[in-house]
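Down below is the structure, laid out as structure tokens.
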Amino acid sequence: MKNKRIIFSITGIVGIILILMGVFVFNNSDQDMISGLCFGIGGACAVLGVGSLIQSLMVSPLEDEEIKRKKDIEIKDERNTSIREKSGYMVSRIMNYFLFAYTLFLIFMKAELIFIILAVALILLQLILIIYYSNYYSKKM
């Protein structure tokens with residue numbers, strides 16, 4: 001646990017240093033992209049490092065192990081697995097309709113052909129993946 005806290009602290013410090021570099025070192029208009037990159041990556045590192053450090057300080061190692069054990073049980077539970085599978089299937093079906101409507105929208109708006117072809121390719125890719133994984137899991141189970 002102590003090693004994790006050190007890693008979280010280092011991540012937070014690196015994030016703060018990157019933010020400061022983005023603000024003070026790369027402040028020319030020629031270096032806007034580098035400044036934005038430092039600011040974005042630094043912000044993410046700082047938030048993740050500090051947040052993980054605070055969580056590791058608030059949760060004891062015994063509680064952490066108990067939480068991991070409960071999470072493993074929840075993931076492997078058949079009822080939860082069935083719920084995730086059914087919800088994923090329904091989301092896939094609904095997204096298929098949205099992709100189809102988006103493709104029609106692009107056609108009616110007379111968008112460039114490349115965008116229409118990409119939208120149709122997504123629909124076809126989804127259909128191919130559904131067929132492939134249906135066959136795969138029907139043979140596996």
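The values are calculated or read from the model by the stated rules, or taken from the named source; none is laboratory data. What you see is a predicted model, and the numbers here were worked out from it, not measured in a lab. Cβ: placed from backbone, ideal geometry, glycine included. Neighbour counts: every protein chain shown.
Before moving on, here are some points about what is shown:
- Filtered by the rule that a residue be among the aliphatic types (A, V, I, L, M) and either surrounded by 10 or more Cβ atoms within 10 Å (Cβ to Cβ) or in contact with a His (Cβ under 9 Å, 6 or more places away or on another chain) (or both), segment 114-123 gives I116, I117, L118, A119, V120, A121, L122, I123.
- Filter pass, L48 being modelled with pLDDT of 85 or more, in a helix (DSSP H, G or I) and out of contact with any strand residue (DSSP E or B) (no Cβ under 6 Å at 6 or more places or on another chain): yes
- The listed residues are K110, K68, K86, and the only one of them that is on the phi > 0 side of the Ramachandran plot and exposed (fewer than 11 other Cβ atoms within 10 Å of the Cβ) turns out to be K110.
- Residue count for segment 1-32 satisfying the condition of being of a type in the set (S, T, N, Q) and either in a loop (DSSP other than H, G, I, E, B) or buried (at least 16 other Cβ atoms within 10 Å of the Cβ) (or both): 3.
- Any chance S52 is of a type outside the set (A, V, I, L, M, F, W, C) and touching a Ser or Thr at 6+ places or on another chain (Cβ under 8 Å): yes
- Within segment 124-141, the set of residues being among the basic types (K, R) and surrounded by 10 or more Cβ atoms within 10 Å (Cβ to Cβ) is empty.
- Some residue of segment 83-97 being within 21 Å of the chain's Cα centre (by Cα), over 23 Å from I10 (Cβ atoms), in a helix (DSSP H, G or I) and aromatic (F, W, Y): yes
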